[in-house]
Amino acid sequence: MRKGTSEDVRRENLTAVLRALMVGGNMSRAELGRLTGRNRSTVASLVSDLAVLGLVDEQDPVTDGTVGRPSHGVALSTSVAAFAVHPEVDALTVAIVGLDAQVRRKVRHEFKQIPSMMDVVMLASTIMAAMGADDSGFRITGIGVAVPGLVRTVDGLVRNAPHLEWRDAPLGQAFAEAMSLPVHVANDAQLGALAERDYGAGRGVSDFVYLNGGASGIGGAIIAGGALLGGAHGYAGELGHTPVSGSDRVDTVGIPGSLEAEVTREEIVTLLGGGHMDPEALESALLSDRSDPVRAAVARQHGYLAIALGTVVNVLNPERVVLGGFLASLLAYDPQGLRAALEARTLAPAMEGVDIVSAQLGANLLLIGAAHRALEPLVDDPASRSWGSTD
């Protein structure tokens, strides 16, 4: 297809309407026109096409305060979704996530030992098949997988996921063979940053740094000028391996004194009594414990976190720092303490106006990011997709 054809224009217009609804939620045709810059008749035609494709539902006319006849409401279809898979060293989480970034269903399975690649593929495939049988009304477009490691996204080859002990693991191929659905594998922190950019704490912010902490370590990603900063081979943003101390303590790739070696979820969980804790349980337990050992551990981890973030703020001058996973819990424990530690390690002009905030999408952040990576091909070309089903 040649660029600039009527088909190209139609595709771009359909995509613009879909993206407006994904980010802004349900709205009237008139609002869609204002947001996308399309006139009333064009929006009506586009919405009609998307409704025929099963991607949106039209609602009764609504009054939005403007002069003229009421405009029909438009909502994303609740049946269009993707599977999201997030493996970590201690658990596997699988979900169905809709176009509207809502988690429709979620299953978490805890591991007693670090899973192999095939352990994850077979268990996730079994869970997804069961979800499909139970929720046959969903139309599944594909599978998004958020991996705590370096991923070659073109084919889903996991180059190195040190906590999982996977190297050059053909995860994308294995999932495609097991499920017969399009598969999209990417680094979990990068997916989290993109999800926060579109639906959470990064909305309306052109430049921000995202750090996520989980059982599999600390991952990072950078949004610059509204786009993901990938680097030469897509591995940019690995802030967890930034040296922050002279300690002999090493992270899983052997780097001594790194952020990931010094700031760990395991230390916090141990102080709180140990055992398996999902993200919500960890934050609840941490915020309710103001004992001296916990206070000291949080302050120490804040100090190391501030060293890594200080370098980033001085070099990149972001508008915002977004923390996810247990790092968001560390922030919630003492926001002023973390900010003071960061201000002590940054240039005052670079730090002016920099917000330090928690990821808004909470425990579902990486699942939303993974699913929406799988939904991207549909959004980029709504009319060309042949629909899948969980039947």
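The values are calculated or read from the model by the stated rules, or taken from the named source; none is laboratory data. The structure presented is a predicted model; accordingly, all values stated were derived computationally and were not measured. FYI the Cβ positions are ideal-geometry reconstructions off the backbone, even for glycines, and counts take in every protein chain you see.
Restricted to the stretch 107-119, and to residues there that are part of a helix (DSSP H, G or I) and touching a residue at least 40 places away in the same chain (Cβ under 8 Å), the residue that is surrounded by the most Cβ atoms within 10 Å (Cβ to Cβ) is 117. Here residue 324 meets the list (1) modelled with pLDDT under 95; (2) part of a helix (DSSP H, G or I); (3) surrounded by 21 or more Cβ atoms within 10 Å (Cβ to Cβ) almost entirely, failing just condition (2).
The set of residues from the stretch 358-370 being under 10 Å from the mean Cα position of the chain (by Cα) and not in a helix (DSSP H, G or I) comprises 359, 361.
Any chance the stretch 335-357 includes a residue that's under 19 Å from the mean Cα position of the chain (by Cα), surrounded by fewer than 23 Cβ atoms within 10 Å (Cβ to Cβ) and at pLDDT 95 or above?
Restricting attention to the stretch 335-357, the residues satisfying the condition of being under 19 Å from the mean Cα position of the chain (by Cα) are 356-357.
Applying the additional criterion that residues be surrounded by fewer than 23 Cβ atoms within 10 Å (Cβ to Cβ) yields 356-357.
From the residues that got through so far, the ones that are at pLDDT 95 or above too are 356-357.
Taking every residue of the stretch 335-357 in turn, at least one turns out to be under 19 Å from the mean Cα position of the chain (by Cα), surrounded by fewer than 23 Cβ atoms within 10 Å (Cβ to Cβ) and at pLDDT 95 or above.
Residue 104 falls short of the stated requirement of being of a type in the set (Lys, Arg), under 23 Å from residue 237 (Cβ atoms) and assigned to a strand (DSSP E or B).
Looking only at the stretch 261-285, which residues are of a type in the set (Gly, Ala, Ser) and in a loop (DSSP other than H, G, I, E, B)?
Our first condition is that a residue be of a type in the set (Gly, Ala, Ser); within the stretch 261-285, this holds for 261, 273-275, 281, 284-285.
Selection gives 273, 274, 275.
With respect to (1) at pLDDT below 90; (2) touching a strand residue (DSSP E or B) at 6+ places or on another chain (Cβ under 6 Å), the lone exception for residue 24 is condition (2).
I need the full set of residues from the stretch 360-377 which are at pLDDT below 95 and within 17 Å of residue 201 (Cα to Cα), in order please. Correct list: 360, 361, 362, 363, 364, 365, 366, 372. Tell me whether the stretch 202-220 contains one or more residues that are more than 30 Å from residue 25 (Cβ to Cβ) and assigned to a loop (DSSP other than H, G, I, E, B). Taking every residue of the stretch 202-220 in turn, at least one turns out to be more than 30 Å from residue 25 (Cβ to Cβ) and assigned to a loop (DSSP other than H, G, I, E, B). Restricting attention to the stretch 29-45, the residues being surrounded by 14 or more Cβ atoms within 10 Å (Cβ to Cβ) and either modelled with pLDDT of 95 or more or farther than 18 Å from residue 383 by Cα (or both) number 9.
Out of all the residues in the stretch 110-125, is one or more within 22 Å of residue 76 (Cβ to Cβ) and in the same structural domain as residue 84 (by TED's automatic domain parsing)? It would help to see each step written out before you state the result.
If we filter the stretch 110-125 for residues that are within 22 Å of residue 76 (Cβ to Cβ), which is where we start, we get none.
Checked the stretch 110-125: no residue is within 22 Å of residue 76 (Cβ to Cβ) and in the same structural domain as residue 84 (by TED's automatic domain parsing).
Residues satisfying the criterion are absent from the stretch 85-92 (criterion: outside any loop (DSSP other than H, G, I, E, B) and charged (D, E, K, R)).
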